[in-house]
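All remarks here apply to the structure that follows.
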Amino acid sequence: MEFIVSFLGIAVITAPAILLTSIALPSLFGIRLQEQSINRLTSSSVLIGFISAILMLIIMLATGSRNVPIDLGDWIVLPATELNESPFHFHLKVVFDRLSVPFVILTFLLCGTIGLFASKYLHREIGYLRFFVAFAIFNLGMIVASVSGTIEMLFFGWELVGLSSAILIAYFHERKSPVTSGFRVWCIYRFADAAFLIAAIAMHHMTGHGEFSALIGQGNWPEGVAQLSSWQAFWIGSLLLFAAAGKSALVPFCGWLPRAMEGPTPSSAIFYGALSVHLGAFLLLRVGPIIDCSLLLAISVILIGAVSAIYGTIVGRVQSDVKTALSFASLTQVGIIVAVIGFAGIAGGMGWSTLAIGLRYFALIHILGHAMLRTLQLLRAPTLLRDYHALDNALGAHIPNEDSRFKKLVGDRMYRFALERGYLDTVIDRWVVQPFVIVASTCNRLEQGWLNLLSGRRRDTQKPVIDSKRKDG
Amino acid sequence: MKFSKVDGAGLRALQFDPEQIKSMIEHVAHFLPAQGPITAFVHHNTLHAFQSDRFKEALKKGQAVFGAEPFWPESRFRKELEGGRILNSDIEYALQEVLGETADENIDGFGKRIQIRNAILHHAIYTASQSELEWFIAESNALKAFRQDAPTAIVDRMVSDTQHWLMRDLLNQSDSTSSDHNCLADASRLKEFVDRAKRGKPHQWQPVAWKKFTLTFLWEVCRHGVSLVPLRQSQYEKRRRLRDLLLCETDLDIDEWVNSLLIKFSSAFLDQGFAHWSLPARDRGFWKCFLDVYTNSLGPAETWRRGLDAELQQLKSNQTTSIEVIAQFLNRSGVTEDEAEEWMMRQLLVLRGFAGMVHQVETRGDRVFQSIPPGTLIDFLAVRLLLSDHAERYVLKEILGWNVDPVDARKRLEALHPTPPQLTDDQRAFLVFQLAQVLGWNPQVLVKLSVDEWSALLGELESFDEFERRHVFQLAFEHHYANQTLHALSVHNAGKRIGESEKTSKTRPKFQIVCCIDDREESFRRHLEEVEPRCETFGMAGFFAVVMYFKGVAEAHFLPLCPVIIKPQHFVREEAVYSLQKQENLNRKRREQLGRFSRGFHLGSRTLTGGWLGTTLLGALATIPLVARVLAPRATAKLRERFSGLIRPPAATELQLERVADPPGSENGHVGFSVNEMANCVQRTLEDIGLTKDFSRLVVIVGHGSSSLNNPHESAYNCGACAGARGGPNARAFAQMANDMRVRDLLRERGIAIPTDTCFVGSYHNTCDDGFSLFDLDRVPSSHRDLLEETISIIEVARARNAHERCRRFQSADLTMTADSALRHVEGRSQDLSQARPEYNHATNALCFVGRREWSRGLFLDRRAFLTSYDPRIDDENNKILTRILQAAVPVCAGISLEYYFSTVDNEGYGCGNKLPHNITSMLGVMTGAESDLRPGLSAQMVEIHEPMRLMFVIESTPKALTSIIESNPGIKEFVAGDWVQLVCFEPEKNLLHRYADGKFKLLNTDSESLPIARYSADWYRGWRDHLAFAQVTAGYETIPTSSNT
């Protein structure tokens, strides 16, 4: 039995890895894969992964086992020296539990469906292969992140998802705005990932390795208990919350989510309606016991979630194009999910473990339902006119949207706030990007000056140096 | 306020008054895209702004104003040249056509003009940017090896001639005053080059070195020659905006900033009810609303907008109107009265999609739910000017640190960034360099040219620029196809005696079928004729002269079902038959409940609490439709159909067609037509198609439309004659009218005797899934049941074959599939969410035949022809019928053809680009991606197989009759005389073809080579994806025709 379980577990993770290599490598050797072979490779590997995951679920249900770790061993070990008192392990470990299995199944189901969808939708596109390579990277990243048992592995999957996300936003690279949007998303991801990396290092410092089980206790998800002091939990948790906010486009990073709609419809649907946007919430669920340890952290989680949800719903209400409106609708739900996870943390901290567990399950169910529904809505976005026409016909008249009580309550002033998307991009541009650029360009100028001095050249004062970052206004 | 300073200084005395500005904007609006809301897509000439010009001139202007391509790229034409779709003879013909008498002029020593141009067209002439060119010359083999396509003979001769010249005339001639030395004397660079060669011991050189020398020398000579002759200035010099200059100077694009704001605001303003919250005080108009919203900030705006709120506040409290703002900017900008219009146009064209939509919605408020006040375009321009000005001043002051006003800044920037020449000297030299290699112009000949000779040569080459070359290719491409068409017609009719059958007694056709003139019905009609050679088919614009607003039994609104230029007076309603009304009322309630629920769910899923509940409780259920519709679209659709029984509209309905009270209107009693009006409709249609006698027992009228999923452009696939709606109701109404005995009595008085045993049946053809449904079959008398059954079974076969023929064009459809599997394939396509090409619509349209079917029947036209029935024998001496047919057919068909033309030649510039990132905005149009201008036109997926050529009308008439029609109808003349369409007059009795050119008809000679012959269409098209030539399909005849050469 154990052999079967580990075989299935390894199949789940190798199927997407093989897919990626099999469609990405040939083109490096100048072999151009046909549309049909790309489709076959994608659907067969996703199907294998999907069946393995389902079998795994069945076995787990049948045996009542709630946590199936599969150890892939240490890949790097640095012995303890005087400088770092504990040894460093790069440990690969896959965990199947009640959090990862639903996520894996969701990922395979959606990747399979969207893969099929895209195979027709992108028919005759020049970038067909490029799309499917990025799609395979994404699939691998999602699976690795879902089943990871160590923080390094989660980070690895997390990065793959970010990379494919940026590539697919910039898919139509012959136009300018997809590329700038992709770049912007990439920058925000890197920024948030830095926090993740620091958290990972901090975890290593505290526990000696990156296994979640050591950090959040041996209990099965969602019942773990973390062995951290309140402040340790707060610092690590805050960093992870920051990372999650970047990935899930929570406040203050919301600005990138509508921009991400530059890509082809299927990738927008699966990334920003379903999987990628929920990855931040997944991380918070995974490290739930940490949130239990610190009330302050739990409150921060609730705040960020709730503010994002309210922000999303207000801003979403004025959007007049379908994809942007759906992206803010997505954000609203992700905000709620995150807030619920925060409440679960408070409940856990108070010792009401049943409530905490219930809330976590609730959040998980919300993620699954939301992912499916939003994907369908985004895929059907181009049918909007037909749908509205059908609604008019069913209702017998065109019914305009009435101004809701909510609107009357918040007043017209909020309209501008919403139209300007809450000024969040401006805030980031002005208070983060611009200072950063100023520091960097000052350094650049100093270095240039120093170099000029050394090389005896005169300074070139002809043209003012305009930093590319300031182009965003 | 900032402007008053400038005004107060009295810098410019020029004043523009509001009325003048208004009329200028009115005029400028003609340059904006004329596409209305996407829900009623009407094809029209994309370059309508220049329609009064001739086609070629309009293309040039379009290129200058919109920056869009006028033709396919040369490379594509050259591919067609290789593939045999353009022949050398076509190019010669086109050149002769363009050059006229100047074709045979000699260009000093280089040959006749037509020969030079011909040679140029046969060789790819490359151009590159200056830096790329420098790299190419320096790093590639350009100066070491001749072009691949240079003929060996020419290469050998050129190298040996050059060798002789250097060795004999320069190296070994003592007389340094000879012409060969003289010609180098003025060119120090050349002289130096030759001197260096002379010192390099040329007598020891290997052949490779001589080749290299020849080429390098040629390059230097070309550069020298070009430097002697200044470049001619282009006709259309574009005045740069301050934004363009600032972009050169700072790399900052002001347009991006302004667009981003204006797109958000305009789409909110135009929104037809998608957003939950509508714009506050939207009814106050664009300008006031803008001032209201943007003086109300709750947070930090982008850096460039600092101070904008205060400025707007000032305008608001001064109650400045938008037109005053425009006047101020006009006065300040320093443009003269002549330039003012162009200046405003350039401003509006930056966001032409939105500007055009604003103009469409303000002028055609009847076509939208939320109309906007007239004058909104003025407000739009004012806001645009205000924002650009603010951004410009920001860049000048904050980025550049210049404390000058925009006019001075402009002068300074123009001095810093002079307009780059259209072609650099190197680019011009490279042109000569390439041609010299393929045409064998020796460098030592070129070097001796005088300045005048160089001027003549360069003038000749540069006047045959890329535009001209592509124009000739275009003409050649069109000519090739036109030639094939006319040849096919001539051969096809050579053996036949058109009209002969009249004298002999004609057997009564089994049934007659009247389709739309649509090119997609060509194949359907052909297959019908092949399945049942004893049937007759007709083509008539798909509204069948029934001009009405129509409301279906399960529909909420009256839809206009007639060409877009007509505003209907009559209203027609569909209702459940009396016995089903109770059931329908119940179903209607259920539909309403379901609609209420799905509307609530749809809106709620985007809100906070509604979304929370909805996604948690029902979200997982979305898995089923999501997976099922992607995996098995056709089966899912069938399943949905089966389960919709409780809410389905009633199975039996009837039309409220007859009006009992005057005047016509949408209220009870006023709905419908009077008997006399019905008779008019029927008479008009029957006369148009020439069906005034010899009626068969069954006449089927076929309206058409198309249904597809995930396709914002769905309406563009519908019937053009019904203003982008589905034409089934028109066919149904027509049949009901024609079956009315009172109508028939009236018609008999007017000379059209419909036999009592003739029954009309209306029907609907879905061109996407080739579905076919017939209306009111309960009313068909039992005596006709057998015939009806038989006809339906024939139609069943024909529609499957039609689907099969369509599938040959779909790359994802197997070429070996059978007719039945093809039918399943197209059914799947129309139900597939992931299908970006549900059908190819009018793609490949190229012809429009007006005349009797007899002369085109049995000719494989490959779904490329609009087929309009017309019988000149029943027309009066003033050609009343032909005139009214052409009044509708020419603008409509030309509109379709030209929209396809422009969207194909420049899909980004004229079309709406790739369909995949499209994003429906304000329920009026599509943007590309998250934020862009509105994109009018056709998508890349729609036109990918289209071949851009101007539609060729072949009209059965006489040159005299056509000339008089053209002369007396400016609407037709504009298209015909302006070369927007091609026109051929056909006299089938004498088998004579006359081609229209420059106001005259010219008799054409056609050769009599035979055409390929096939029994059925499928025998000809099977297994082939690309373009197919004409063929004779014999199954469509009662008797097999004898072709001239067989």
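Bear in mind that the values in this text are calculations on the coordinates, not laboratory data. This structure is a prediction, so every number in the text was calculated from the model and none was measured. Positions of Cβ are backbone-derived with ideal geometry, glycine not excepted, and every protein chain shown enters the neighbour counts.
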Problem - Alpha-carbon centroid distance for the pair region B:401-424 / region B:710-757, whole angstrom - result: 63
Exercise for the section: Of the options A:Ile438, B:Leu330, B:Cys759, report the single residue whose Cα projects farthest towards the positive end of the charge dipole of the protein assembly as shown (beta-carbon charges: Lys, Arg +1; Asp, Glu -1). Expected result: A:Ile438
Problem - Dipole magnitude of chain B, debye to nearest 20 (Cβ charges: Lys/Arg +1, Asp/Glu -1, about Cα centre) - result: 2300
Exercise for the section: Hand me the chymotrypsin sites (Phe, Trp or Tyr not before Pro) from region A:349-387 located in a DSSP loop with no more than 12 other Cβ atoms within 10 Å, in residue order please. Expected result: none
Fill in the blank from the handout: Karplus ³J(HN,Hα) for region A:377-388 (6.51 cos²θ - 1.76 cosθ + 1.60, θ = phi - 60°; Hz, whole; x = Gly/Pro) runs 5, 5, 4, 8, 3, x, 8, 3, 4, 5, 4, 5
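May I ask you to compute the full-extension gain from B:Leu228 to B:Glu105, defined as 0.36 nm times their residue separation minus their alpha-carbon distance, rounded to one decimal in nm? Intermediate values should be presented prior to the final figure.
Working: separation 123, 0.36 × 123 = 44.28 nm, distance 2.36 nm.
Net length gain for the segment: 41.9 nm.
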Problem - Set of aspartates and glutamates near B:Lys510 by C-alpha distance (under 15 Å), chain-local residues within fewer than 8 positions excluded - result: B:Glu529, B:Glu530, B:Glu532, B:Glu536, B:Asp694, B:Asp757, B:Asp786, B:Glu789, B:Glu790, B:Glu1038
Exercise for the section: Give the distance, in whole Å, between the Cα centre of region B:528-602 and the Cα centre of region A:5-49. Expected result: 49
Exercise for the section: Starting from region B:656-737, pick out the trypsin sites (Lys or Arg not before Pro) whose DSSP state is loop and whose Cβ has at most 11 other Cβ atoms within 10 Å. Expected result: none
Exercise for the section: Would you mind checking the tilt of helix B:322-333 against the longest principal axis of the Cα atoms of chain B, expressed as 0 to 90 degrees and rounded to 10? Expected result: 10
Practice task
Take every DSSP beta bridge whose two residues both sit in chain B, then give the antiparallel share in percent to the nearest 5.
Solution key: 45
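What does the net charge come to around A:Val277 if you take all other residues with beta carbon closer than 14 Å to its beta carbon, with K and R at +1 and D and E at -1? Working shown, then result.
Values: positive: A:Lys247, A:Arg259, A:Lys323, A:Arg374; negative: none.
Surrounding charge for A:Val277 is +4.
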Problem - In order through region B:708-722: 3J(HN,Hα) via Karplus (6.51 cos²θ - 1.76 cosθ + 1.60), integer Hz, x for Gly, Pro - result: 8, 9, 6, 9, x, 8, 3, 5, 5, 8, 7, 6, x, 6, 10
Practice task
Quick one: what are the phi-derived ³J(HN,Hα) couplings along region B:861-874, Karplus 6.51/-1.76/1.60 with θ = phi - 60°, whole Hz, x for glycine and proline?
Solution key: 9, 6, 6, 10, 10, 6, 10, 10, 7, 7, 10, x, 5, 9
Completion exercise
Counting only DSSP beta bridges fully inside the protein assembly as shown, the antiparallel percentage to nearest 5 is 50
Fill in the blank from the handout: Which of B:Lys973/B:Lys1000; A:Lys120/B:Lys915; B:Lys112/B:Lys212; B:Lys60/B:Lys973 exceed 18 Å between C-alpha atoms? The answer is B:Lys112/B:Lys212; B:Lys60/B:Lys973
Handout entry: Positive minus negative residues near B:Ser455 (Lys, Arg vs Asp, Glu; Cβ under 13 Å)
Key = -3
Exercise for the section: Mind listing the long-range amide H neighbours of B:Leu992? Cut-off is under 5 Å, sequence gap 5 or more, other chains count too, H placed in the peptide plane at 1.01 Å from N. Expected result: B:Glu987
Fill in the blank from the handout: Rounded to whole angstrom, the alpha-carbon centroid of region B:825-900 lies from that of region A:305-366 at a distance of 55
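Does chain B come out rounded, prolate or oblate, given a ≥ b ≥ c as the square roots of the eigenvalues of its C-alpha gyration tensor, rounded meaning a/c under 1.5 and, failing that, prolate meaning a/b above b/c?
On the way: a/c = 2.11, a/b = 1.29, b/c = 1.64.
The shape class here is oblate.
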Fill in the blank from the handout: In debye to the nearest 20, the charge dipole size for region B:530-656, taken about the Cα centre with +1 at each Lys and Arg Cβ and -1 at each Asp and Glu Cβ, equals 680
Completion exercise
Treating only Lys and Arg (+1) and Asp and Glu (-1) as charged, each at its beta carbon, one finds that region A:70-199 has a dipole about its Cα centre, in Debye to the nearest 20, of 860
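Antiparallel versus total DSSP beta bridges in region B:951-1045: what percent is that, nearest 5? Before the final figure, lay out the partial values.
Values: 8 of 15 bridges.
So the antiparallel bridges amount to about 55 percent of the total.
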Practice task
Please list, or write none, the aspartates and glutamates whose alpha carbon is within less than 17 Å of the alpha carbon of A:Lys93, excluding same-chain residues fewer than 8 places away.
Solution key: A:Glu2, A:Asp71, A:Asp74, A:Glu152, A:Glu211
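Can you give the FRET efficiency to the nearest 0.05 for A:Arg445 and A:Leu163, using r as the Cβ-Cβ distance and R₀ = 45 Å?
0.90
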Exercise for the section: Show the residues, 5+ positions off or on another chain, whose built amide H is closer than 5 Å to the amide H of A:Leu72. Expected result: A:Leu92, A:Lys93, A:Val94
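If you average the sequence gap of Cα pairs under 8 Å that are 6 or more apart and divide by the length of region A:100-174, what percent do you get for the contact order? Kindly include the intermediate steps, with their values, before the conclusion.
Details: 56 pairs, mean separation 24.5, N = 75.
Result for region A:100-174 is 33 percent.
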Completion exercise
Taking Cα atoms only, helix B:406-416 is inclined relative to the longest principal axis of chain B by an angle, in degrees rounded to 10, of 50
Practice task
Would you mind computing, in nm to one decimal, how far apart the modelled labels at B:Asp1019 and B:Lys201 are, each placed 7 Å from Cα along Cα→Cβ?
Solution key: 7.7
Completion exercise
So, over other residues within a Cβ distance under 12 Å of B:Ile517, counting Lys, Arg +1 and Asp, Glu -1, the net charge is -2
Practice task
Give the relative contact order (percent, whole number) for chain A; include only Cα pairs under 8 Å separated by 6+ residues.
Solution key: 11
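Counting other Cβ atoms within 10 Å of each Cβ, which GluC sites (Glu not before Pro) in region B:837-889 have at most 11 and sit in a DSSP loop? Before the final figure, lay out each step's value.
On the way: sites: B:Glu839, B:Glu854, B:Glu877; in loops: B:Glu839, B:Glu877.
Answer by residue number: B:Glu877.
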Exercise for the section: Output the pairs from B:Lys144/B:Lys191; B:Lys316/B:Lys397; A:Lys176/B:Lys411; B:Lys22/B:Lys411; B:Lys288/B:Lys316; B:Lys880/B:Lys960 with a Cα-Cα distance over 19 Å in this structure; if there are none, say none. Expected result: B:Lys144/B:Lys191; B:Lys316/B:Lys397; A:Lys176/B:Lys411; B:Lys22/B:Lys411
Practice task
Give the angle, between 0 and 90 degrees and rounded to the nearest 10, that separates the Cα long axis of helix B:376-394 from the longest principal axis of the Cα atoms of chain B.
Solution key: 30
